[in-house]
Structures are given as structure tokens and as C-alpha cells.
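Q: Handing you this structure, nothing more for now.
Values quoted throughout were computed directly from the atomic coordinates according to the rules given, and no laboratory measurement underlies them. Here the structure is a predicted model, which is why all the values come from computation and not from measurement. When we count neighbours, we look across all protein chains shown, and the Cβ atoms used for this are built from the backbone with ideal geometry, even at glycine.
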């Protein structure tokens, strides 16, 4: 794949094409729920347990946070983990999170009783108190939720195999330019079934590439899991970032 083609689409839209074209992975069925979001998990190989907090402290990392976006395959393997937003002075934490995302496995999402790939948005918070490191992970990027320490999982885009759509919105011609790179911040609302109920483009950068228009056109065609609060599906609104033109970070 050439570099121009790797840069020719939104992160989430590109992963949709990747997973929808991939053959499903055979896994033991077990007793799966009808719906479940992708989750970080708590086993010895989970992200929270393999981030080396002592090494971070020794290297001088202090209070910081890192927001990350990644695709979680239907076997829990993480792909595309090069999409970050960070607090100032978070470079060491960011590097550690990026490295560990390539080593961990998540609990995969479930949609209609089957494991599916999902787009995951999470936050890692690192705090040093009296010389001791403390680490918290969240399955959302809503700072109000994070500050309150709530049990909230943001809605997740899921990639349902063999889902055929008609009248799929066309990518604006201007966004196919090799130098077209940017992002859209969008406020997205879903009901308790994950159906899109409202969309508001908060910002797009740079202007003039029709990023925001494309996002609002394509979102109603996509499948989402709802938000989950205290383990229960809920209607909610959340802010999400669509990225355009970044190389995929396998």
C-alpha cells in the first residue's frame, strides 16, 4: 500500500473497511451477551497491569494523562494505536502507552451475540503522590466523567461483518489529496440501543476540506454500541475526534 493511499481516509472509516473485509476469526462461542463494549480487562496481560509505573517514575514522569484511540479486533488484539492526545509533559507516558498497547489484549466487543471489531477511545491518567505512582484507566475521553471517577464507557463504533449499505456517502474529492490531513471534533448522541440521534461538528482543522460535512454524512450509516454506565446501556452524548490523513499505526 502506498503512503498516499495510507493517508487517504479517516482513521475510523479506514478501520471499518479493514475489518469488514477481513475473514472472521474462529473463537469458542461460550456464553456471550447480546451486546457488550470492548473493555480493557483486568488480567495480568491487561493494559493497566503491564504499564511500568515504577519505570516511569524513575525516568521522571510526573502527573500526566494520555488519550488514545485504537481498533480492537474480534480476538482482542489492538491495531492502529498511534492516535493520541496528551497533557503537557506526557511524552514518556505516551511512549509507554503506545508500546504496551502493542502487547496487550482487550476484551472484544459483542454485537448481536457475536464478537466484533470495535473502535476504542480511552484515557490513561498517571499521578504521583508522595513519590508513589498511581494509574487509572478509563474507557472514555470525557474529562468531566474522568474527574468524577465514574464507571462510564463511551459509545463505540463497531464493524459488523457482511453489513451491506446502499447510498454510502462518497468521500469528498478534496479530502483525497495527499496533503489533506486533519481532524474533526464532533459531539455525537446515541440512544440506549446505539442509534445516532444527533450530531454537532464542534471544530475541524484545517478548514476547507469538507471533513465535517463528510463525518455528519457517514455517521448515520455506521453501527455503534451505546454508552454504558455502571454496566448498563444508556442514551448519552460524548465528544469524539475523527482523524484524517494519519498513517495507520500497526
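Q: Sorted by average packing, counted as other Cβ atoms within 10 angstrom per residue and highest first, what order do 160-166, 99-105 take?
A: So the order, starting with the most tightly packed, is 99-105, 160-166.
Q: Additional query: Sort 206-213, 112-119 by packing, meaning the average of other beta carbons within 10 Å per residue, with the highest value first.
A: Result, highest mean first: 112-119, 206-213.
Q: In what sequence, highest mean first, do 41-53, 144-156 appear when ranked by Cβ atoms within 10 angstrom?
A: Going by the mean number of other Cβ atoms within 10 Å, highest first, we get 144-156, 41-53.
Q: If I stretch the segment between residue 130 and residue 31 completely, what's the gain in nm (0.36 nm per residue apart, minus their alpha carbon distance), one decimal?
A: 31.2 nm is the gain from fully extending residue 130 to residue 31.
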